[in-house]
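A quick write-up on the structure given underneath.
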Amino acid sequence: MVGPSRRMGGRLARRPRGTIMTRRLGALCALAVLAGIAADARGEGGAGKRRRPLPPEYGRVLLGEAGQGRMAPVAFDHWLHRARYTCRLCHVDIGFAMKAGATGIKPADNEAGYFCGACHDGKRTVDGRRIFEACGAGGERQACQRCHAVGLPVKPGTDFAAFARGLPRGRFGNGIDWEKAELDGQLKLVDELEGISIKRQSLTAQKDFALSPKLAGMPEIIFSHAKHTVWSGCEGCHPDIFVGVKRGATRYTMVEIFEGKYCGACHTSVAFPTLDCQRCHTRLVK
Amino acid sequence: MRRIHLAAAALCALALVAFPARGMKLPIPHEYGRVVLDAGASRAGLPPVAFDHWRHRARFTCRLCHVDVGFAMAAGATQVTAAGNQAGFHCGACHDGKRRLWGQVIFAACAGTAPPAGGGACRRCHAQPDPARLEKEFAAFARELPRDRFGGVDWEKAEGTGKITPSDFLEGVSIRREPLKNRKEITLQSKGTWMSDVLFSHPKHAVWNGCEVCHPEIYPAAAGGARASMLAITGGESCGACHDKVAFPLVDCEKCHVKPVQ
Amino acid sequence: MALLLCAAAWTGAAWPGRATAAAPGRPAAASPEGKPAGTPAWRAEFDDVCGRTQDAMAIPSDELKRLVARADALLPAVERLEPTQRKVFLRRLQACRNLFQFVLDTREGA
């Protein structure tokens, strides 16, 4: 059966309304049926927005695996340590990797004065207090639970709220502007550890430079070496994270960065997250 | 023609009744946008919280809660806890018993160490929703507001005409940033020849979401990332992260498929 | 001749990672002690070489090449350390050697 407009011979700029409506109705119903089946099968799904880690949780690295008879994993929170030490000290001098599980820390390593044991040896002091020993103390479970505490009702030694109170507020992450805290002199970062670090001169930082985004309208990124080397030195990034030897040769894409490559090696998990676009995209191009 | 229409209508009715798909349910205005929060309530012996978006979204942008405060966008994903609320996170960011908004003190969420017998003050949120009361409250709330096809509030119009002025800043929580201007309107071609193309408007969405609600978690790629089938959308992907759960329902096809049929 | 060629190959190539082939024919460094107390010869050499990373950008290219060569020469000694020390110092040596090489590559590429 054809509608009246078709019979009117030759005046067909559009399909007859009737056919469009029928098809839409059909499509809507088919979609409803399929969506019903799909939704029931999938449950509460969809990509959506994940839970953002709370300020005290941001920068948490889980070391070790849970399991029967095993020691509870360690939930290492960066915020306490990064207020006192540079990233370089731990990740270059002491030799921690930047991915959970990649370092391969064993209790024997700590007992020998490496990795956690480089500071947590029961002898070194900070602020006049003795730093507790890691993986020593005769292997008493209670002492181990000071760090091996995931899933156990262990109260953290430092209250995050009290810790963060005096520090400049930052957007996302720990809610602390670490950069400003360091610039203002609120943090006295230690970059050297006796017996571990090599005595060296201070770094002459490279100049800032601009990176142009692909997306028109996004402000340019002003990358500051000075701001980064304060925390990371050179070896923290080169060449493991930033391999490119010619400026402008490597095309960094945001997708790769969000996945943890390049800037994302730090700026998704410990340093301020890439969610804060304007932190890097600072210079509007006229 | 008539028989086809009848058959299509019957199939539709059957589909919408037999399959209570989240994707294509006809929304009940005072229940639309409800999220049931039960990360720990049942375990503590309290009824789960039935959070109705409509109360909050007249006062606050989506960005304020979902970016600045940090709520996830799926029931149970945020893992709201009483301890977290008391520490000033999640609900506790506003519901702290001290913050004043529009001349009123906002009641504290999860005050005290344990829920009192019978629930006490906890019952303000931890209670089974009373449909009759909610319907009345919604009617009073939405009296002056423009409505959509299904009786719910047309939030876009409400904001556009100034009937509501959602706040995008929470003192002590939000940090202002220079806004990134994106006036791009993107045409998404519809696969079906009988459906018009979708015109996605950045300005319309940025009013509620800023950039960070969608980018990068929902849309990581700069270009071409928005291609998702309607089926995927009804499953909560892409546009479906908001539309259909809280923002206007997907059943309202012409709200998005606005470009004329070629 | 073979030794010189091998050395040249080592200095020119990027360090392939943990699973390295033994450096051919280089004179072995002094045997290390198990504990960090005292300063064994390899450690002194390590400190001397890897203590220059902060100035890498200011070091002339032939000096950088010498530093890379010295780092490569340390490799056998580090590989012979006890497991914990080996784990730590292999990583640190790799980082410092690769940084010097990186700076060299940057200069050649620019």
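For segment B:130-166, a residue qualifies if it is loosely packed, with under 14 Cβ neighbours inside 10 Å and among the small types (G, A, S), and the qualifying residues are B:A132, B:A139, B:A140, B:G160, B:G162. Among the residues of segment A:75-92, those that are of a type in the set (A, V, I, L, M) and surrounded by 21 or more Cβ atoms within 10 Å (Cβ to Cβ) comprise A:L89, A:V92. One residue stands out among those in segment A:124-178 that are aromatic (F, W, Y) and closer than 22 Å to B:D68 by Cα: the one that is surrounded by the most Cβ atoms within 10 Å (Cβ to Cβ), which is A:W178.
Can you pull out every residue in segment A:111-123 that is surrounded by 16 or more Cβ atoms within 10 Å (Cβ to Cβ), in a loop (DSSP other than H, G, I, E, B) and of a type outside the set (F, W, Y)? Listed by number, the residues that qualify are A:A112, A:G113, A:C119, A:H120, A:D121.
For A:E259, the requirement of being surrounded by fewer than 15 Cβ atoms within 10 Å (Cβ to Cβ) and farther than 30 Å from B:R176 by Cβ is not met.
Results for (1) more than 27 Å from A:E192 (Cα to Cα); (2) modelled with pLDDT of 95 or more; (3) not in a helix (DSSP H, G or I), shown as yes or no for each residue.
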position	(1), (2), (3)
A:L31	yes, no, no
A:E44	yes, no, yes
A:G48	yes, no, yes
A:R51	yes, no, yes
A:G69	yes, no, yes
A:M98	no, no, yes
A:G101	no, no, yes
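Among all positions in segment A:186-197, there is at least one residue which is farther than 23 Å from C:V88 by Cβ, surrounded by 15 or more Cβ atoms within 10 Å (Cβ to Cβ) and in contact (Cβ under 8 Å) with a residue 24 or more places away in the chain. The residues on offer are A:A108, A:A118, A:A162, A:A112, and the sole one that is within 14 Å of another protein chain (Cβ to nearest Cβ) and in contact (Cβ under 8 Å) with a residue 40 or more places away in the chain is A:A118. For the structure I just gave you, tell me whether A:G217 is touching a helix residue (DSSP H, G or I) at 6+ places or on another chain (Cβ under 7 Å) and either crowded, with 17+ Cβ neighbours inside 10 Å or part of a loop (DSSP other than H, G, I, E, B) (or both). No; evaluated as a whole, the condition is false for this residue. Within segment A:226-253, being closer than 30 Å to A:A83 by Cα and surrounded by 18 or more Cβ atoms within 10 Å (Cβ to Cβ) holds for A:H228, A:T229, A:V230, A:W231, A:S232, A:G233, A:C234, A:E235, A:G236, A:C237, A:H238, A:P239.
Checked against (1) assigned to a helix (DSSP H, G or I); (2) at negative phi, A:G138 meets all criteria but (2).
Considering the conditions (1) modelled with pLDDT of 90 or more; (2) away from chain A (no Cβ under 11 Å), B:P249 is excluded by exactly one of them, (1). Looking only at segment A:174-206, residues that are under 26 Å from B:L180 (Cβ atoms), of a type outside the set (D, E) and within 11 Å of another protein chain (Cβ to nearest Cβ) come to 1 in all.
Please tell me if A:S202 is modelled with pLDDT under 90, polar (S, T, N, Q) and either on the phi > 0 side of the Ramachandran plot or more than 24 Å from the chain's Cα centre (by Cα) (or both). For A:S202, the condition - modelled with pLDDT under 90, polar (S, T, N, Q) and either on the phi > 0 side of the Ramachandran plot or more than 24 Å from the chain's Cα centre (by Cα) (or both) - is met. Would you confirm whether or not segment A:232-248 contains a residue that is within 14 Å of chain C (Cβ to nearest Cβ) and outside any loop (DSSP other than H, G, I, E, B)? Within segment A:232-248 (the criterion being within 14 Å of chain C (Cβ to nearest Cβ) and outside any loop (DSSP other than H, G, I, E, B)), the answer is yes, since at least one residue qualifies. Here A:D240 does not qualify as of a type in the set (D, E) and touching a His at 6+ places or on another chain (Cβ under 8 Å).
Among the residues of segment B:225-246, those identified as crowded, with 21+ Cβ neighbours inside 10 Å, within 8 Å of another protein chain (Cβ to nearest Cβ) and not small (G, A, S) are B:M230, B:T234.
Condition check ((1) at the interface with another protein chain (Cβ under 8 Å from one of its Cβ atoms); (2) free of Cβ contacts under 8 Å to residues at least 40 places away in the same chain; (3) of a type in the set (A, V, I, L, M, F, W, C); (4) not in a helix (DSSP H, G or I)) across all residues:
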{"position": "C:E45", "(1), (2), (3), (4)": "no, yes, no, no"}
{"position": "C:D55", "(1), (2), (3), (4)": "yes, yes, no, no"}
{"position": "C:V68", "(1), (2), (3), (4)": "no, no, yes, no"}
{"position": "C:D72", "(1), (2), (3), (4)": "no, no, no, no"}
{"position": "C:A77", "(1), (2), (3), (4)": "no, no, yes, no"}
{"position": "C:K87", "(1), (2), (3), (4)": "yes, yes, no, no"}
{"position": "C:L93", "(1), (2), (3), (4)": "no, no, yes, no"}
{"position": "C:R97", "(1), (2), (3), (4)": "no, no, no, no"}
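Condition test on A:A100, is it in the same structural domain as A:G64 (by TED's automatic domain parsing), within 30 Å of B:A87 (Cα to Cα), among the aliphatic types (A, V, I, L, M) and touching a helix residue (DSSP H, G or I) at 6+ places or on another chain (Cβ under 8 Å)? In short, no.
Every listed requirement among (1) more than 30 Å from C:A44 (Cα to Cα); (2) assigned by TED's automatic domain parsing to the domain that holds A:M71; (3) of a type in the set (G, A, S) is met by A:A118 save one, (1). The set of residues in segment B:146-171 being small (G, A, S) and in contact (Cβ under 8 Å) with a residue 12 or more places away in the chain consists of B:G151, B:G152, B:A158, B:S167.
Sort through B:H30, B:H5 and tell me the only one that's within 14 Å of chain A (Cβ to nearest Cβ) and either touching a helix residue (DSSP H, G or I) at 6+ places or on another chain (Cβ under 6 Å) or at pLDDT 60 or above (or both). Among B:H30, B:H5, only B:H5 is within 14 Å of chain A (Cβ to nearest Cβ) and either touching a helix residue (DSSP H, G or I) at 6+ places or on another chain (Cβ under 6 Å) or at pLDDT 60 or above (or both).
The values are calculated or read from the model by the stated rules, or taken from the named source; none is laboratory data. This is a predicted model, so every value here is computed, not measured. FYI the Cβ positions are ideal-geometry reconstructions off the backbone, even for glycines, and counts take in every protein chain you see.
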